[in-house]
Amino acid sequence: MQILSIHLKNIKSHRDTELSFSTGINVLSGPNGAGKSTVFEAIGYALFGVDAKDFVSNVDRFLSIGSKKGEISVVFRADDDETYRVSRTVGAAAKWLLAKEIGGSFEVEDHARMEETEARVTEILGLANGRPLAEQFKLVIGPFQNDFLGPFVIKQATKRQEAFDEILGIDAWRKTYKGTASLLSVVQKRIEILQVEVAAKQEQLAILPERETELAAIIEDVANKGMILKGKDVALVALNGHLEELDGREKAINGLSTEIQVLEGRIKEGAGKIAEQRLRVDESNNALKVIESSKAGKEAYERAEEQLKLLRKQEQERRALELEVVNLEKEAAQLTQTLGHERSEIETIAKQIAVEESGLTTARTEAQPDPRLVETAARLDGLRLELERQRAARSLMEGRRESLLEGKDKLAEGVCPFFQEVCRNIAGSAPRDVFTARTADLELQMKALDTQVSELAGQLKDADIAGQELKARAIRLQEIDKQSALLAVRRNKLLERTAGLEQLAARQTTATAKTEARKANLKAFAELDQQIERAEQERVQHQAVRDAFNAAQKDALDLANRTQLLEKMLKLLEGLQQEVSEKQTGFSRLKEGYQPELHLQVRQNKEQLVADTATLRQQINDLGKNRIRLEGEIARLQKIKVEIDGKLAEIRNFEEKEKLVRFLRNQVFKNVSTQLSERFREEISLRADRIYRTIAETDEELYWGENYQIVLKDMQDGVMRERSDDQLSGGQMMSAVVALRLALLQTIGARVAFFDEPTSNLDAARRENLAHAFRAIDVGREEVTEHWYDQLFLISHDVAFTEITDKVIEL
C-alpha cells in the first residue's frame, strides 16, 4: 500500500496543511515545534484509529488554539490499486468516514458505527491479525517519540516478556495458562460445593417412607366421611323443599301487609295535599282581584320611571359639560401663565447673550497680536542658528588656546618633543616664546564672542517669550471663536422660542373661547334638578301599588294550573281507597291455614342439618389439605432424589473437566507460549543481526535473548564476551533497538512504518550506516531496487538520510 497525501485542518500547529508523499522513504524535516510529530500522530488518528488521548491529555489540546473542531483526511492506495480516502474529525460528535475513489470522485461507504469503519480499514490495509488496528500502530508500526525504546529498556524481565508477547501476538497462550489456574480452582470448588449439597439433600430424603404411610391413612378417612355426607345431603334436599313452601306463604303475607300499610299512608298524605291545593286555588282568585284594582297605579309608576331615565341621561350630559368647562378654564390659566413666563425668559436670555457678545468682542480685540510682538517671534529660528554658530566658534577658539598652552609647556626648554633636538623655530628669539602673543589674541577674540553670545541669548529669550505669547493669544482666539459659535446656537434657539410665543398665544385664545361656549350650553339645563325631583316623587307615590301588582301577578297567572291539579289529586285519592279495600280482602284469605310454630320447627331442623353437613365438609376439607401437603412434600422429596442423582452426575462431569484442565495447562498452554517466543526471537534475531552489522560496521553479533533481553556477542582476547542492558552504550542500545524494530516490522508483514528521530544517541558513522540500512534491510547490501516495505516515514534533522531519501518534506 501507499499513503498518497494528508490534509490537516486545525490540528495543533497546522491550521490548514496539505502534504503529499512518494513511495519509498519520506523524511520530514524542520525546526522544533514545526509539527513534524503531529503529522505522524494525525496519520495514526485518521488511518489507524488511535485515540487522540494517546497523544495529549485532553482532546482539546489536539486542536489548534481557539478552534472547536478539526479534521484529518488521508488518501492512500491499497494493494489492489484502489484509492481510498479516510477522514476523521476531532472535537464534539467526532466522525470516522471511509470513501472509495470511483470515476475521479470519492464516494463514502455506509458504516453504521466506527467499529465497522475500523474493520473495513483493517481489511484494506491487510492487517487483520486479530489485534486492534490502533494497538498495531502504537506498538510496532508507529510508536510515539517518547516510546521508541519502549519495552526494550524495561528492567523487570517478567514485564518485558509480557510486553513483547503482546506485540508478537503470543500473549494469549501465557494469559490462558494463568487464567486457567483460576478456572481449575473454580472447578475444584464447584465439586466441593456439589458434594456438600448432595449430603444435605440425602438427610432430607430420610423421612420419605413415613410421609407415604401417613398419606394412605388420610385417603381412607376421606372416603368414609364422604359416604356419611352424601346421606345428610339427601335429607337436606327434602327438608329444603318443605321449607321453601312455608317461606313463600310467609313472604306473601308479609308483603301484602306492607302494601296495605303503604297505601293507607299515601291516602292520608293525599288528603293533606288536597287541602293545601284548595288553599292555593283560593290565593290565585284573590290575586286576580288585586291585579284589577292596582293596574292604573302600576302604569303611572312605569311612566314616571321612563321619564326619570331620560332626565338622568340629561344630567350626565350636564356633568360632562361642567367637567369640560373646568378643564378648559384650567388649560387657559396654564397657557396664560406659561405665556408670561416664556416672555420673561426670552427677554432675560436675550440680555445675557448681548452682554456675552460684547465681552467676546472686547476679548477678541485684546487677543489680537501686536506687530512688534510678531516681528520679535519671527526672529526666533534665526537667533537660534546664530547663537549656535557663535558658540561653535567660541568652542573652536577655546580648543586652539588649549593647544597653544600645551605646546608652550612642551617647548618651554626649547627641545622638540618629537625629534628630541633644539627647536629651530624659536632659536635666537627672545624671550624664546611664540605662544604668548597668539594666546592673548585668542583670548581677546573669545571675550568679544562671549559678549555677542550673551547679547544673542538675551534676544533669543525675548523671541521665545514673544513666540509663547503668540501661541497663548492664538489659543485664546480659538476659545473665543468656540464661545461665539455657542452664542450663535443659543441665539438661534432663542429665535425659535420667540416664534413659538405666537402659537402659545393662539392656543390661549382658543381655550378661552371654548370655555365661554361651553358655559352658554350649560344654561339649557337650568331646571333639570327640579324636573328630576318631581319625577322621583311621582315614582315613590305609585311604588307600593306597583309592588302589589307584581306580587299578585304570579299567583293569578297560575290559577288554571292549580285548579287542574286539584281535580287530578281528587281522582287519585279515590283510586287508592278502592285498591286498599281489594288488598285487605286478599290478606284475609292468605292467613287462613298458615301455622307459624310449624314453620319455626322446620327452619330449626334445617339449621341443625346444615351445621352437621358443614362440619363433615370442613373435616373432609382439612383432610384434603393434609393430603395436598403430604403429596407436595412427597413430590418435593422425590424431586430432591432426582436432584441428588443429577448432582452426582454433575460431580462426575466436573471431575472429568478437572482432569482435562490439568492436562491442558501442564502439557499445552505452559509450553506453547515459550516455544512460539523462542521461534520468533530466532527469526527476528537473524534479521536484526544483519541490520545491526550494517549499522554498526562491527563484528558484534546481536541476539534477542531469553525474556527478550538485548545481547551483543563478540570475541575479546579469544574469549566469547556477552553484554546486555546497562553494559551497552547509548549508541549501541539505540542501534540494536532500531535493528530489532525493523526486523519486527518485516516479520509481521507491515508495509508502512514510522520512525520519529531514530538516529538519537548515534554517532555520525552509525547515523550514516542506519540510513543505508533502510535500503539494505532485506538483503544485507547497500543498493537494492526491491524493498520489503512500500513506504517509510522518518522525522530527522540528519543529512545522512538525504542520499537515500525518496522525498524530503520541509516543515
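Return, for the Cα atoms of the chain, the radius of gyration and Dmax in Å, separated by a comma.
According to the Cα coordinates of the chain, Rg and Dmax are 65.8, 205 Å.
Modelling each spin label as a point 7 Å along the Cα-to-Cβ direction, I'd like the residue 276/residue 638 distance in nm, to one decimal.
The two pseudo-label positions are separated by 8.0 nm.
Using θ = phi - 60° and the Karplus relation 6.51 cos²θ - 1.76 cosθ + 1.60, list the HN-Hα couplings for the range 273-286 in order, rounded to whole Hz, with x at every Gly or Pro.
With coefficients 6.51, -1.76 and 1.60, one gets 5, 5, 5, 5, 5, 4, 5, 5, 5, 5, 4, 5, 5, 5 Hz.
Ranked highest first by average number of other Cβ atoms within 10 Å, how do 585-592, 17-24 line up? Please report the intermediate quantities before stating the final value.
On the way: 585-592: 10.9, 17-24: 15.9.
My ranking of the peptides, most packed first, is 17-24, 585-592.
Report the local net charge at residue 654: Lys and Arg +1, Asp and Glu -1, summed over other residues whose C-beta lies under 12 Å from its C-beta. Intermediate results must be reported in sequence, preceding the final value.
Numbers: positive: 189, 190, 647, 652, 657, 659; negative: 192, 650, 655, 656, 658.
So the environment of residue 654 carries a net charge of +1.
By how many nm would the segment from residue 605 to residue 386 grow when fully extended, if each residue of separation counts as 0.36 nm and the alpha-carbon distance is taken off? Don't skip to the answer; put the middle values down first.
Working: separation 219, 0.36 × 219 = 78.84 nm, distance 16.17 nm.
In short, 62.7 nm is gained.
For residue 15, enumerate residues with amide H under 5 Å from its amide H, sequence gap 5+ or separate chain, H modeled in the peptide plane.
Counting only residues 5 or more places away or on other chains, the set is 10.
With viscosity set to 1.002 mPa s and temperature to 20 °C, compute the Stokes-Einstein D of the range 35-81, Rh being the Kirkwood radius across alpha carbon pairs; µm²/s, no decimals.
Values: Rh = 11.9 Å.
For the chosen part, D equals 181 µm²/s.
Counting DSSP beta bridges in the chain, what percent are antiparallel, to the nearest 5?
Working: 43 of 57 bridges.
Bridges in the chain are about 75 percent antiparallel.
In nm, give the distance between the simple-model label positions of residue 347 and residue 572, each being 7 Å from the Cα along the Cα-to-Cβ direction.
Label at residue 347, label at residue 572, 10.1 nm between them.
With a ≥ b ≥ c taken as the square roots of the eigenvalues of the C-alpha gyration tensor of the range 561-681, please select rounded if a/c is under 1.5 and otherwise prolate if a/b is larger than b/c or oblate if it is not?
Numbers: a/c = 17.03, a/b = 2.80, b/c = 6.09.
It is oblate, given that a/c is not under 1.5 and a/b is not larger than b/c.
Keeping the other protein chains in place, figure out the carbon and sulfur percent of the accessible area of the chain, with a 1.4 Å probe.
Numbers: 25040 of 49000 Å².
Within the chain, the accessible surface is 51 percent carbon and sulfur.
Compute the Cα gyration tensor for the range 50-166, then decide on rounded, prolate or oblate, letting a ≥ b ≥ c be the square roots of its eigenvalues: rounded whenever a/c is under 1.5, prolate when a/b is larger than b/c in the other cases, and oblate in all that remain.
Oblate.
How high is the FRET efficiency from residue 338 to residue 479, r the C-beta distance, R0 35 Å, rounded to 0.05? Walk me through the numbers before you get to the answer.
Numbers: r = 37 Å, r/R0 = 1.05.
For residue 338 and residue 479, the calculated efficiency is 0.45.
When the expected Rg is taken as 2.2 N^0.38 Å, what fraction or multiple of it is the alpha-carbon Rg of the range 99-195?
On the way: Rg = 20.8 Å, N = 97, 2.2 N^0.38 = 12.5 Å.
Rg over 2.2 N^0.38 Å, computed on Cα atoms: 1.66.
Which residues does the label zone of residue 664 cover in the range 175-195, counting backbone N under 16 Å from a point 7 Å along Cα→Cβ?
Only 175-188 pass the distance filter.
How would you order 689-697, 511-519 from highest to lowest mean count of nearby Cβ atoms within 10 Å?
Sorting 689-697, 511-519 by mean packing, highest first, produces 689-697, 511-519.
Add +1 for every Lys or Arg and -1 for every Asp or Glu among the other residues with Cβ under 11 Å from the Cβ of residue 235, and state the total.
On the way: positive: 230, 232, 606; negative: 233, 612.
Result for the neighbourhood of residue 235: +1.
Kirkwood hydrodynamic radius of the range 660-774 from all distinct Cα pairs, in Å? If you can, show how the numbers build up before the last one.
Values: mean 1/r = 0.0643 Å⁻¹.
Result for the range 660-774, one decimal place: 15.6 Å.
Starting from the 7 Å offset along Cα-to-Cβ, what nm value, one decimal, do you get for the label separation of residue 747 and residue 502?
A separation of 11.2 nm, rounded to one decimal place.
Using only the Cα atoms, work out Rg/Rh for the range 589-744, with Rh taken as the Kirkwood radius, to two decimals.
Working: Rg = 47.8 Å, Rh = 25.3 Å.
Ratio value, two decimals: 1.89.
In whole Hz, with x marking every Gly and Pro, tabulate ³J(HN,Hα) for the range 219-224 from phi via Karplus 6.51 cos²θ - 1.76 cosθ + 1.60, θ = phi - 60°.
Going residue by residue, I get 4, 5, 5, 4, 5, 5 Hz, with x marking Gly and Pro.
What FRET efficiency would be calculated for the residue pair residue 288, residue 582, taking the C-beta separation as r and a Förster radius of 56 Å, to the nearest 0.05? If you can, show how the numbers build up before the last one.
Values: r = 43 Å, r/R0 = 0.76.
So the FRET efficiency works out to roughly 0.85.
So which aspartates and glutamates pass the test for residue 408, namely a Cα distance under 18 Å, with those fewer than 8 places away in the same chain ruled out?
Counting by Cα, and skipping residues close in sequence, residue 408 has these aspartates and glutamates nearby: 398, 421, 433, 441, 443.
Pull out a ≥ b ≥ c, the square roots of the eigenvalues of the alpha-carbon gyration tensor of the range 216-328, then state rounded if a/c is under 1.5, prolate if not and a/b is larger than b/c, and oblate in the remaining case. Mind dumping the intermediate values first?
On the way: a/c = 15.78, a/b = 2.60, b/c = 6.07.
Taking the square roots of the gyration eigenvalues as a ≥ b ≥ c, the range 216-328 is oblate.
Residue 316 to residue 454: extension gain in nm, 0.36 nm per residue of separation minus the Cα-Cα distance?
Values: separation 138, 0.36 × 138 = 49.68 nm, distance 10.33 nm.
Additional length available on full extension: 39.3 nm.
Which whole number of Å³ per residue matches the convex hull of the alpha-carbon atoms in the range 208-249? Present the calculation step by step, with values, prior to reporting the outcome.
Details: hull volume 2.2 nm³, N = 42.
Taking only Cα atoms, the range 208-249 has a hull volume of 53 Å³ per residue.
Determine how many Å³ per residue the convex hull of the Cα atoms of the range 223-284 encloses.
Working: hull volume 5.8 nm³, N = 62.
Considering the Cα atoms of the range 223-284, their hull volume per residue is 94 Å³.
Taking H as built 1.01 Å from N, whose amide H comes closer than 5 Å to the amide H of residue 64, not counting residues under 5 places away?
Under 5 Å from the amide H of residue 64: 11, 12.
Any idea which of 296, 14, 67 is furthest toward the positive side of the dipole for the chain, if Lys and Arg beta-carbons carry +1 and Asp and Glu beta-carbons -1?
It is 296, whose Cα lies furthest towards the positive end.
Give me the mean projected area, in nm² to one decimal, of the convex hull enclosing the Cα positions of the range 521-561. Write out the running numbers ahead of the final one.
Details: hull surface 17.2 nm².
Reported value for the Cα convex hull: 4.3 nm².
Once you list every other residue whose beta carbon is under 13 Å from the beta carbon of residue 441, what net charge do they have if Lys and Arg are +1 and Asp and Glu are -1?
Numbers: positive: 400, 401, 438, 447; negative: 443.
Summing Lys and Arg as +1 and Asp and Glu as -1 gives +3.
If R₀ is 60 angstrom, what is the calculated FRET efficiency for the pair residue 655 and residue 59, using the beta carbon separation as r and rounding to 0.05? Walk me through the intermediate numbers first.
On the way: r = 54 Å, r/R0 = 0.90.
Between residue 655 and residue 59 the formula returns 0.65.
Can you give me the relative contact order of the chain as a percent, contacts being Cα pairs under 8 Å and 6 or more apart?
On the way: 852 pairs, mean separation 200.1, N = 811.
RCO, the chain: 25 percent.
The values are calculated or read from the model by the stated rules, or taken from the named source; none is laboratory data. Source: prediction; values computed, not measured. Heads up, the Cβs are rebuilt from the backbone with ideal geometry, glycines too, and the neighbour counts pull from every protein chain shown. Please note that ligands, DNA and RNA were not included when accessible areas were found on the heavy atoms of the full protein model with its side chains. Shrake-Rupley method; radii C 1.70, N 1.55, O 1.52, S 1.80 Å.
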